[in-house]
Structure formats: structure tokens, C-alpha cells
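**Student:** If you scroll down you'll find the structure; I have some questions about it.
The values are calculated or read from the model by the stated rules, or taken from the named source; none is laboratory data. Fair warning: this is a prediction, and the values are worked out from it, not measured in the lab. Every residue, glycine among them, receives a Cβ derived from its backbone with ideal geometry; neighbour counts consider all protein chains shown.
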Amino acid sequence: MSKYIADSIRNNSRFIIDGLTKPQSKAVSEIIRGLFVKNTPILRRLAQDDSILTKKQAEKYSHHLGNIDIQSRVDEFALKQAKKTIKNKTIIAYDLTDISKESSKKIENTSIVFDGSKRKPVNGFFLHGVGINNNLVKLKVHNSDANTLNQTRRKIVDELSEKLDKQGVWVFDRGNDDKKFFKYLRQNAKVQFIARLKLNRQVIIKETGVIIQVKNLKPGKYRVCLMNNHNTHADTELEYTLVIQKHLRDKPPIRLISSLPYEKYTKKELVKMYLERWGVENIYRRAKTKFLLEKIRVLGFRKFSNLVSLIQFAIVISASIFVQLLESTTLWIAGVLAIYKHFLKMKSLSINIDSFITFMSTILKPLLIKKPPPPTNQLSLL
């Protein structure tokens, strides 16, 4: 039954390795299979040929990761999966996360990030992520030597919004509370969005002209404008919908600003749409817990970025196979589903992508490396 999953991984991998040399294709295929079998990005642990030292195999993987660029191919594959389900109201969740590399000071292009678990700034990388319907369509390692975070964020929005024909509603957390960015989304990118505001965000109430910080407003729904870039007067050219709404007991109200029409959506609908962005947080957690994203050890920035892209690819494939497994009615796939459900019962797990990734790692085996035939003992007639 594992043949169905192995074939799915191999067939989808062809989209990524197309155009690579034969040695590069072989190395990438082994890394992808190793990510599922071993659930780790540590190159030595991905080795699958018992006849070759693991160190030699890791050096081979590292070498090829430094000579290819597969991020665009992975993004294209992921977007292709997401476009099958996207509609005008589909949530496109952008989020910035980080990888702590406190003890790896030799990795290229690291910058200072905030380690939430240790509550202190450390060396590491920022990751720009975009999730659509449980698909991780973007997982880009930020190159601090080339662009600022804001420049990369804008580039991602521009690129994806064009490919999605401006469909969907972009959702941002309060780390993206930036009036210049909001104006850019409206006038340049021309996309719909919902964003969470910080407490000190100043708005102008359209009805009264009062300038006030959102923390001082009562729960409700308001038509508002923002201050201009120099905070000297109101930018009345653009109107926004502001929602202040309680959504959790014993928690302060959530404060959202949106370009969506005031009359079209209720407060609860806007809050519900915003909260869907937690899907991308769950995908980040999946990358860090199921594929140990933060354990990557390669030193070169290009190698690091390619390995992150392959983890993104593994997550997208997992989601794709999982959906096919639940929706298909063929007997062959039904057999795989039955084994998966038996596995869940044995492990006391529930049906979700995380448990399915664990299931795949238990039934998949390392790639079988074909050995050349031994030399014949027959003497040559020549």
C-alpha cells in the first residue's frame, strides 16, 4: 500500500527536478524521500545508500544544493495546487516567522531575529510565508543583504496577486500595521485586505472627524481614514472599515482595519475572516515540528534556501496526497485509507495532515539505490 504514496511523491517531484542534471535530480529526489522517511533536514541523516559513507552522501547533497535554484519551481508547484480552490473571498494569509540560529554564526546572511522561546534577540533568519487553503504557497528565506523586510513583503504581494488575478482577501497580523503599506495595497497592488492594528494606531472617524487611537474606541464598526505620511492631516482619499470586536472571553477586543466595503460584511464576518490566518501559523508549526525546519545546518545561504524550499515542497505534497486520500473512491486508495485509520487507532491520533505525515514516515522506506551488476567471471573471447 505504500507504493501509492511513494509513487505520488516521485511523480510530483518530477515537477521540481525537471531541467536539472541527472546527478542533481538524483540528489534532490533522495533528499525529498529522506525528508518523509527521516523527518529531518540534517543531510547526514538523509543518506540512503548503505554502500557509501553517510558523510560522503551528505557532501554530495550539500554540493548539489549549492548549485541549483529550485525555489521558483516549488512556489510554482504550490501555487498550482492552491489555484484549484481559490475564490474571490478566499483568505490569503501572509505571516513572518523566524528560525533561530544562535550557535551557527558561520551561516551566510543571518540577521538578528527575536527568539520567542528564549525571549531574546539571536542570530537567525526571517521567513516570509503565505498560506492559501492549507497550502504553503510561499516560504521564502529573507536575504537581509539584498532587501528590507518591507521590500520583500511588497514583492511577494505583487507577484502572487498578479498570478491569482487579484482574487482573494489578504490578511496580515499587527506586525504589518503600517499606513504606507495599507495605502500601497489599495492604490498599487489593488488587492482586498484585512489587517490587525496596534493599540496606538490613530484613525479619523469619518462621521465626526475625531482623531483617536483605536485603544480608546468602544467595540463597534466604523468608517475611518488614516493620517497622511507626516501626520499633519487626514488622508481622506481612502476610506477603510474599522472593526473593534470581542472574540475571546477575558481577552481584549480585536481591532481590525479593512479595505472591504463597509456595508458588505458584518463585524463577526470580518473577525472570522481574519482568524482564518491562523492556518498559516499551523503550517509553520508543521514545518518546525514534523520536518524540523530549525535543525538545518548547511552554511551557504543558497543551500539553506533550497533546503527550506524542499521542506515547503514536502508540506505541499503531504497536503495534496492527504486530500486525495480522503476524496478518492478507488479501491486501491481506499485500502491506503483503511491502513491509515488503523494506524490512527493504534496511536490514538485524529485524522489531520500532521498525523498523516507521521503515518507516511512509518510506511515509507529509503530509496533503493540500484547497484551496478557485478563483473562476470567469464573470460573475454577477444
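**Student:** When you scan the stretch 1-44, how many residues do you find that are free of Cβ contacts under 8 Å to residues at least 12 places away in the same chain and either surrounded by 17 or more Cβ atoms within 10 Å (Cβ to Cβ) or of a type in the set (S, T, N, Q) (or both)?
**Tutor:** 3
**Student:** Residues Asp115, Asp75: which one is of a type in the set (Asp, Glu) and closer than 30 Å to Leu270 by Cβ?
**Tutor:** The match here is Asp75.
**Student:** For the stretch 71-115, give me each residue that is crowded, with 18+ Cβ neighbours inside 10 Å, out of contact with any Asp or Glu (no Cβ under 9 Å at 6 or more places or on another chain) and not in a loop (DSSP other than H, G, I, E, B).
**Tutor:** Gln71, Val74, Phe77, Ala78, Leu79, Gln81, Ala82, Ile92
Residues are listed down the side, and each one gets a yes or a no for (1) among the charged types (D, E, K, R); (2) over 16 Å from Leu164 (Cα atoms); (3) under 14 Å from the mean Cα position of the chain (by Cα):
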position	(1), (2), (3)
Arg73	yes, yes, no
Lys83	yes, no, no
Lys89	yes, no, no
Thr97	no, yes, yes
Lys106	yes, yes, no
Arg119	yes, yes, no
Val130	no, no, yes
Leu136	no, no, yes
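**Student:** Which ones in the stretch 190-208 are within 21 Å of the chain's Cα centre (by Cα) and either small (Gly, Ala, Ser) or outside any loop (DSSP other than H, G, I, E, B) (or both)? Reasoning before the result, please.
**Tutor:** Kept after step one, since they are within 21 Å of the chain's Cα centre (by Cα), are these residues of the stretch 190-208: 191-196.
Passing the criteria: Gln192, Phe193, Ile194, Ala195, Arg196.
**Student:** So which residues in the stretch 46-70 are closer than 12 Å to Asn306 by Cβ and surrounded by 20 or more Cβ atoms within 10 Å (Cβ to Cβ)?
**Tutor:** Matches in the stretch 46-70: Tyr61, His64, Leu65, Ile68, Ile70.
**Student:** Here is a check on your reading of the model: is Lys118 assigned to a loop (DSSP other than H, G, I, E, B), among the basic types (Lys, Arg) and farther than 21 Å from Lys288 by Cα?
**Tutor:** Values: assigned to a loop (DSSP other than H, G, I, E, B): yes; among the basic types (Lys, Arg): yes; farther than 21 Å from Lys288 by Cα: no.
In short, no.
**Student:** Kindly check whether there is at least one residue in the stretch 29-52 that is part of a loop (DSSP other than H, G, I, E, B), more than 18 Å from Lys303 (Cβ to Cβ) and hydrophobic (A, V, I, L, M, F, W, C).
**Tutor:** yes
**Student:** Same structure, new question: Suppose we filter the stretch 306-338 for residues that are at pLDDT below 95, within 13 Å of the chain's Cα centre (by Cα) and more than 21 Å from Thr358 (Cβ to Cβ); how many remain?
**Tutor:** 0
**Student:** Is it the case that some residue within the stretch 284-295 is outside any helix (DSSP H, G or I) and acidic (Asp, Glu)?
**Tutor:** No, because not a single residue in the stretch 284-295 is outside any helix (DSSP H, G or I) and acidic (Asp, Glu).
**Student:** Give the residues of the stretch 126-151 that are surrounded by 14 or more Cβ atoms within 10 Å (Cβ to Cβ) and either of a type in the set (A, V, I, L, M) or in contact with a Lys or Arg (Cβ under 7 Å, 6 or more places away or on another chain) (or both), sorted by residue number.
**Tutor:** Leu127, His128, Gly129, Val130, Ile132, Leu136, Val137, Leu139, Val141, Leu149
**Student:** Within the stretch 153-182, how many residues turn out to be of a type in the set (A, V, I, L, M) and within 14 Å of Gly129 (Cα to Cα)?
**Tutor:** The number of residues fulfilling the criteria is 4.
**Student:** Looking at the stretch 216-229 only, could you name the residues that are surrounded by 14 or more Cβ atoms within 10 Å (Cβ to Cβ) and over 21 Å from Lys268 (Cβ atoms)?
**Tutor:** Cys225, Leu226, Met227, Asn228
**Student:** Can you list residue pairs whose Cβ atoms sit under 8 Å apart, with the first residue in the stretch 207-236 being on the phi > 0 side of the Ramachandran plot and the second being at pLDDT below 95 and aliphatic (A, V, I, L, M)? Count only pairs 6 or more apart in sequence or on different chains.
**Tutor:** Partner pairs satisfying both residue conditions: Gly209/Ala234.
**Student:** Let me ask you something else. Show the residue pairs meeting these rules: Cβ distance below 9 Å; 6+ apart or different chains; first residue within the stretch 261-279 and over 29 Å from Ile315 (Cβ atoms); second residue among the basic types (Lys, Arg) and at pLDDT 95 or above.
**Tutor:** Within 9 Å, the pairs are Tyr262/Lys221; Tyr262/Arg223; Thr266/Lys221; Lys267/Lys221.
**Student:** Considering each of Val336, Val308, Val323 in turn, give the residue that is free of Cβ contacts under 8 Å to residues at least 12 places away in the same chain and surrounded by 13 or more Cβ atoms within 10 Å (Cβ to Cβ). Write out each step before concluding.
**Tutor:** Working: Val336 fails: free of Cβ contacts under 8 Å to residues at least 12 places away in the same chain; Val308 fails: free of Cβ contacts under 8 Å to residues at least 12 places away in the same chain.
On inspection, the qualifying residue turns out to be Val323.
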